[in-house]
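J.: Handing you this structure, nothing more for now.
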Amino acid sequence: AQKVTQAQTEISVVEKEDVTLDCVYETRDTTYYLFWYKQPPSGELVFLIRRNSFDEQNEISGRYSWNFQKSTSSFNFTITASQVVDSAVYFCALSEAGSGGYNKLIFGAGTRLAVHP
Amino acid sequence: KAGVTQTPRYLIKTRGQQVTLSCSPISGHRSVSWYQQTPGQGLQFLFEYFSETQRNKGNFPGRFSGRQFSNSRSEMNVSTLELGDSALYLCASSFGQGFREQYFGPGTRLTVT
């Protein structure tokens, strides 16, 4: 069965520290997509990245980077030089091709990141 | 482009009543998905509509239903409300038929008393 685990419930860092948010997933499908979303206090989920199961290339976008490793079923997210504006809840999600999964996202429980000045 | 809009933003209902929530997707997006977010269960998929057809349904009772109109706008309905239905209901839209990133609206906060 499909499952997404974000073991870190809360992380607290001081501004400018680097922080990594862990995500481990389970799926039987060979074709699937992984996502990261950010939920600031306003409540709206903000899309950050999408990665398909055939592309293990790491990605960097500004201070954000993602490490996808199929061998360990992990899709970790690193924020470099964190800022107070990064404070939010971050969700990792999985979408499978099987059973018409398409836009059915399975979310992890989320990691609440607090960045202190 | 305007983002996903949801109305109303806040709603208070009494147990046993029914409620209808509305979602307008980003222009050009034909897929609309609904999610329920609660502190206890987290984010859970309710259902997805594409071109007025329900493509997928989550594990929720039949009291939860939805529909999509020809202009891609979607509504979800919850009948016979229970206290446990209190949640943030999020709507998301995406372009096309396959795997795409979903863009979420601000949500409707439903409180059942």
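J.: Looking at region A:1-67, which trypsin sites (Lys or Arg not before Pro) are DSSP coil and have at most 13 other C-beta atoms within 10 Å of their C-beta? Let's see the in-between values first.
T.: On the way: sites: A:K3, A:K16, A:R28, A:K38, A:R50, A:R51, A:R63; in loops: A:K16, A:R28, A:R63.
Hits after loop and neighbour filter: A:K16, A:R28, A:R63.
J.: Between beta-carbons, use under 14 Å as the cut-off and find the net charge around B:G84, counting Lys and Arg +1, Asp and Glu -1.
T.: Summing Lys and Arg as +1 and Asp and Glu as -1 gives +1.
J.: Report the GluC sites (Glu not before Pro) located in region B:18-113 that are in a DSSP loop and have at most 15 other Cβ atoms inside 10 Å of their Cβ, or state none. Before the final figure, lay out each step's value.
T.: Values: sites: B:E48, B:E52, B:E75, B:E82, B:E101; in loops: B:E52, B:E82, B:E101.
Answer in residue order: B:E52, B:E82.
J.: If Lys and Arg each add +1 and Asp and Glu each add -1, what is the summed charge of the other residues whose beta carbon sits under 15 Å from the beta carbon of B:G62? Write down the numbers at each step before the final one.
T.: Details: positive: B:K57, B:R63, B:R67; negative: B:E82, B:D85.
Neighbourhood net charge equals +1.
J.: Using +1 at the C-beta of Lys and Arg and -1 at the C-beta of Asp and Glu, which of A:A7, A:Q57, A:F91 has the Cα lying farthest in the positive direction of the dipole of the protein assembly as shown?
T.: Going by the Cα projections, it comes out as A:F91.
J.: Under 30 Å between alpha carbons, and skipping anything fewer than 8 positions from A:K16 in its own chain: which lysines qualify?
T.: A:K38, A:K70
J.: Using DSSP to call loops (not H, G, I, E or B), can you name the chymotrypsin sites (Phe, Trp or Tyr not before Pro) in region A:17-117 whose Cβ has at most 15 other Cβ atoms within 10 angstrom?
T.: Working: sites: A:Y25, A:Y32, A:Y33, A:F35, A:W36, A:Y37, A:F47, A:F54, A:Y64, A:W66, A:F68, A:F75, A:F77, A:Y90, A:F91, A:Y102, A:F107; in loops: A:F54, A:Y102.
In loop regions of region A:17-117 (DSSP not H, G, I, E or B), the sparsely surrounded chymotrypsin sites (Phe, Trp or Tyr not before Pro) are A:F54.
J.: Can you give the net charge of the other residues whose Cβ lies under 13 Å from the Cβ of A:C92, counting K and R as +1 and D and E as -1?
T.: +2
J.: Could you give the distance between the Cα centres of region A:10-56 and region A:102-117, to the whole Å?
T.: Answer, in whole Å: 6.
J.: Let me have the relative contact order for region B:56-113, percent, based on Cα pairs under 8 Å that are six or more residues apart. It would help to have the intermediate numbers written out before the result.
T.: Values: 63 pairs, mean separation 16.5, N = 58.
About 28 percent, as a whole number.
J.: What whole number of Å gives the distance from the Cα centroid of region B:39-101 to the Cα centroid of region B:1-30?
T.: 10
J.: Compute from the Cα atoms of the protein assembly as shown the Rg and the Dmax, the latter being the longest Cα-Cα distance, and quote both in angstrom.
T.: 17.6, 51
Each reported figure results from applying straightforward, stated rules to the coordinates on display, with no laboratory input. What you are looking at is a predicted structure, and each value in this text was computed from that prediction instead of being measured. All Cβ positions, glycine included, derive from the backbone under ideal geometry; neighbour counts span all protein chains shown.
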